[in-house]
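A quick write-up on the structure given underneath.
The values are calculated or read from the model by the stated rules, or taken from the named source; none is laboratory data. What you see is a predicted model; the values in this text were computed from it and never measured. Virtual Cβ from ideal backbone geometry, glycine too; neighbours counted across all protein chains shown.
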Amino acid sequence: MHIVVIGSGIGGVTFSEEILKRRQDCKVTLVTRETHGYYSRPLLSHGFTREDIEDKIIMKPFAALEAAGITVKAGVDVTRLDRAARTVEIRDRETDCRLSYDKLVFATGSAALIPPPFRSIEVRYYVLNSLDDLKELRSLRNGWRLLKKIPHWAVIGGGLIGCEVASDLAAAGDFVHLFHAMPRLMERQLVDGDSKSLLTVLENSRIKVELDCAVQRFETRGDGITVIYAGGERSGFDALIIACGFNPRIDLAREAGLAVNRGIRVDQQLTTSDPDIFAIGDVAECADGKIYAYVTPIRNQAIWLSGCLSSTTSGSWEPPFFKPKAKVHGFNAEYPYLF
Ligand SMILES: Cc1cc2nc3c(=O)[nH]c(=O)nc-3n(C[C@H](O)[C@H](O)[C@H](O)COP(=O)(O)OP(=O)(O)OC[C@H]3O[C@@H](n4cnc5c(N)ncnc54)[C@H](O)[C@@H]3O)c2cc1C
């Protein structure tokens, strides 16, 4: 049996390793646009305070996955799924090729969500969603450090990733201004009291936090970037990071006619509307309507699915108990996170 896995994050890599442990008769091909190896995405948000991050973040080079028996096609894009022919089309620079599968696993993860009003703006903005994004941001900072300039960042979004990024940039010595549209920080994950403690921690780290501040647009002016929101504006930023949530990568699945909503819809066996195609991780919208975009449940999905496809597990996938935690320097929530 040939299983093709799209995506080399925790979902795709864990599944590939686990299925090969359980089924020696399987051939597994892992296709990914990544080139740096299998890395820890959660560590990205401590990417400014740790000098050695670009090496330390790599958990396994692709050569190690190959040595474990996985065929890795790295630095390539899956561009089309043909369910009738059971093939995926792969673009490798100029050449296109097709790969046949018996079973296909979507572990395509998510991209940073860019709200519609920001999509057409001409001002250059950054996101922190991949190792390439982190390398780009670090190289920008290094340029300023050579000029002995302390950069002034505008971070848009006071959810989990926005707070973590703002905290790490401030801990690295930069000036940070955090804009959040809602009246309190991380309102989806934290109870009111913990949001207040988080605000205090960030403000004590010299981060200027603006709540209830729905950013409308950005402009480049003589003194840098200006952030314009309902009722006011702030000027003089050197760079802009948008951290407004995540967008499951569902395009391939939708174009192939699979059932999608916010994510690719799966049932309690993590199976899509096609019985030979499965989805796990940030891209999978589970039977309860939730997307479990945290590493503990994703790893659990990957192991469960490998058990299911090797007939060693049956029944339904149930989310494990897990405790999300914001990696904001100096902050510990008193109450459990909401999910
Ligand atoms: C900055 C940051 C901090 C985080 N911190 C935490 C934390 O502290 N704790 C926690 O639990 N979670 C955290 N998360 C969330 C967690 O990292 C994700 O939920 C998890 O990594 C998602 O794993 P995944 O395997 O579903 O997808 P991903 O890791 O997104 O991997 C998907 C892969 O698919 C590839 N791909 C997509 N489409 C194609 C295509 N068409 N062709 C080829 N390749 C393709 C992508 O290049 C990527 O390699 C954080 C996320 C970020 C961005």
Looking at Ala333, Ala279, Ala302, which is the one that is in contact with a Gly (Cβ under 7 Å, 6 or more places away or on another chain), within 14 Å of the ligand (Cβ to nearest atom) and either on the phi > 0 side of the Ramachandran plot or at pLDDT 95 or above (or both)? Ala302
How about the stretch 81-122: which of its residues are assigned to a loop (DSSP other than H, G, I, E, B), closer than 27 Å to Phe246 by Cβ, more than 13 Å from the ligand (Cβ to nearest atom) and at pLDDT 95 or above? Arg83, Tyr101, Ile114
It is to be established whether one or more residues within the stretch 50-67 are of a type outside the set (Gly, Ala, Ser), within 10 Å of the ligand (Cβ to nearest atom) and either closer than 18 Å to Arg249 by Cβ or surrounded by 15 or more Cβ atoms within 10 Å (Cβ to Cβ) (or both). no
The stretch 198-254, residues that are assigned to a strand (DSSP E or B) and within 30 Å of Arg86 (Cα to Cα): Phe246, Asn247, Pro248
Filter result for Val78 (among the aliphatic types (A, V, I, L, M), surrounded by 14 or more Cβ atoms within 10 Å (Cβ to Cβ), under 16 Å from Gly12 (Cα atoms) and within 11 Å of the ligand (Cβ to nearest atom)): yes
Please specify each residue of the stretch 86-99 satisfying the condition of being within 22 Å of Leu270 (Cα to Cα) and either hydrophobic (A, V, I, L, M, F, W, C) or surrounded by fewer than 13 Cβ atoms within 10 Å (Cβ to Cβ) (or both). Val88
Search the stretch 148-161 for residues that are within 16 Å of Arg206 (Cβ to Cβ) and pair each with any residue that is within 16 Å of the ligand (Cβ to nearest atom) and modelled with pLDDT under 95 when their beta-carbon atoms are under 8 Å apart and the residues are at least 6 apart or on different chains. none
Qualifying position, being in contact with a Lys or Arg (Cβ under 7 Å, 6 or more places away or on another chain) and not assigned by TED's automatic domain parsing to the domain that holds Gly158, among Asp251, Asp276: Asp276
Scanning the stretch 31-80 residue by residue, the ones that are assigned to a strand (DSSP E or B) and over 30 Å from Phe175 (Cα atoms) total 13
